[in-house]
Structure formats: structure tokens, C-alpha cells
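See structure below.
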């Protein structure tokens, strides 16, 4: 029984590892920042075209800004921020998990969602707000294409090719 039959084709075992390493070694490029200012209500979406970057393997989203209820009461309001991406300006949309913030009445609450990343890329992105009442928002929405760094990816691929060659030689000697 040959080593290849016992362990399978070494190249097929390395393909998922190579794809995972490329995604892990990816670097953000093609960053686009949108200024968001104005009132939001119970369901307010802002849609933007996203410039595709050749070789992109993922997209990252980020929002940072402030929210202020537009009426001076003491009730605490909730705002939910959702990142969405899709093939057309009308969708269908794929959505991130909710990013939720409580906003006390009569105050301004600052909110930073942190970075949310998704595999793949889409030509349109959306920043969607769901608010418990009318609020004023002012902030920045970043949508970024993520591309593997060529030098780092080349080094990893060279290492994986060397490993595949070593496994092939080992399998040939075992026969």
C-alpha cells in the first residue's frame, strides 16, 4: 500500500490550509469612508456603492459616531446598527449581527461598533439604523476591501509548495 493511498493526496489536504492562511494574512486596502449626519428614525438605511478591489478575499465594516435623541425627555432609547452587503442597491442583503447602544434622553452617546469582517466582497453596502425614536446621528462609516499581502502570501505559498514536494518525495520513497 503506497503512502498516497494511506494518507490521501497531500495537495488536497493543503488547499484548505492555504486558503485559511491567505485570509489570515490579508491586509485592508481600498478603504472607503462615508460621512453620516442627520436624523434617523425607526428604520433608516444608507446605501453606498463599494468599489471592488481585484484579489479581495473579504470586507471589513466599522462605524463610529454620536447619537442624540431629538426631543428632551428622560427616557432611554436604543439604537441598533447593522452592516449589510449585497449585489444590487435593492439587495438582497446579507446582514451582520446587531450592534446595540442605549442612549439616555437629553444626552449624546458615542458609539464605536468595532470592526466586523465578512468573507467575500459585494458591490453595494448599507449602514442600517433602527432607533427607538427620532435621533440625530453624526459619524463615519468605513467599508474596506481586504486583499492578501503579496509578499507574505508568496512566502507562505512557497513554504506550502516545499511541504507538498517533501510529502511527494516521501510518498515516492515509501513505494
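For (1) in the same structural domain as residue 35 (by TED's automatic domain parsing); (2) within 19 Å of residue 49 (Cβ to Cβ); (3) touching a residue at least 24 places away in the same chain (Cβ under 8 Å); (4) over 18 Å from the mean Cα position of the chain (by Cα), each residue gets a yes or a no:
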site	(1), (2), (3), (4)
71	yes, no, yes, yes
79	yes, no, yes, yes
82	yes, yes, yes, no
115	yes, no, yes, no
127	yes, yes, yes, no
136	yes, no, yes, yes
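Selection within the range 56-73: residues that are loosely packed, with under 15 Cβ neighbours inside 10 Å and touching a strand residue (DSSP E or B) at 6+ places or on another chain (Cβ under 8 Å). The member of this set that is farthest from residue 111 (Cα to Cα) is 70. Which of the residues belonging to the range 74-101 are closer than 15 Å to residue 43 by Cβ and out of contact with any strand residue (DSSP E or B) (no Cβ under 7 Å at 6 or more places or on another chain)? Across the range 74-101, the qualifying residue is only 91.
Here is a yes/no grid of residues against (1) modelled with pLDDT of 95 or more; (2) outside any loop (DSSP other than H, G, I, E, B); (3) closer than 22 Å to residue 146 by Cβ:
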| residue | (1), (2), (3) |
| --- | --- |
| 35 | yes, yes, no |
| 59 | no, yes, yes |
| 63 | yes, yes, yes |
| 73 | no, no, no |
| 118 | no, yes, yes |
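In the range 92-105, the qualifying residues are those that are part of a loop (DSSP other than H, G, I, E, B) and touching a residue at least 12 places away in the same chain (Cβ under 8 Å), and the one that is farthest from the chain's Cα centre (by Cα) is 105. In the set (1) at pLDDT 90 or above; (2) assigned to a helix (DSSP H, G or I), the condition left unmet by residue 136 is number (2). Going through the range 75-91 one residue at a time, which ones are farther than 19 Å from residue 146 by Cβ and crowded, with 18+ Cβ neighbours inside 10 Å? Scanning the range 75-91 gives 77, 79, 81, 82.
The values are calculated or read from the model by the stated rules, or taken from the named source; none is laboratory data. All of these numbers come straight from a predicted model, not from anything done at the bench. Here the Cβ is made from the backbone with ideal geometry for all residues, glycine too, and neighbour counts use every protein chain on show.
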